[in-house]
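A.B. asks: Following this message is one structure expressed as structure tokens.
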Amino acid sequence: MLAEHRRGESDLIRRDGVWFLVAACDLDEPVVSEPDGWLGVDLGIVNIAATSDGKLHAGRGLNRYRRWMLAKRAELQAKKTLSAKRS
């Protein structure tokens, strides 16, 4: 592909012990297709995402992390130190 489409000059570069060849190429314009439908996504706090077709997406791992953070925050705030009250 490089031999067929290469135009102009090329550079051989060495970065962090790895060699790179930087070459300018002329390629045909890609065929652009029009989308046949749309999907909107609303990112939220309670649900990770809600799509425009009515599906709700929540992550089990994220919910587990949120519960862990809530418990950790309560544990730190129970100590009643100034740094614990910051969060």
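A.B. asks: Of the residues in region 65-78, how many are at pLDDT below 90 and either loosely packed, with under 10 Cβ neighbours inside 10 Å or among the aliphatic types (A, V, I, L, M) (or both)?
C.D. replies: Selection size over region 65-78: 3.
A.B. asks: Just wondering, is there one or more residues in region 34-56 that are open to solvent by 70 Å² or more (accessible area, probe 1.4 Å), without any contact (Cβ under 8 Å) to a residue 24 or more places away in the chain, at positive phi and not hydroxyl-bearing (Ser, Thr, Tyr)?
C.D. replies: no
A.B. asks: For Val18, are the conditions met, namely being at pLDDT 85 or above and open to solvent by less than 100 Å² (accessible area, probe 1.4 Å)?
C.D. replies: Details: at pLDDT 85 or above: yes; open to solvent by less than 100 Å² (accessible area, probe 1.4 Å): yes.
Yes.
A.B. asks: Are any residues in region 24-51 at pLDDT below 85 and either within 30 Å of Glu4 (Cα to Cα) or not aliphatic (A, V, I, L, M) (or both), and if so, which ones?
C.D. replies: Ala24, Cys25, Asp26, Leu27, Asp28, Gly44, Asn47
A.B. asks: Additional query: With the checklist (1) under 29 Å from Ala3 (Cα atoms); (2) under 27 Å from the mean Cα position of the chain (by Cα) in hand, flag the one item Trp19 doesn't pass.
C.D. replies: All conditions pass for Trp19, except number (2).
The values are calculated or read from the model by the stated rules, or taken from the named source; none is laboratory data. Since the structure is predicted, the reported quantities are computational estimates derived from the model, not experimental observations. Methodologically, a virtual Cβ is constructed for each residue, glycine included, from the backbone with ideal geometry; neighbour enumeration extends over all protein chains shown. Surface accessibility is based on the protein's heavy atoms, side chains included, excluding ligands, DNA and RNA. Shrake-Rupley method; radii C 1.70, N 1.55, O 1.52, S 1.80 Å.
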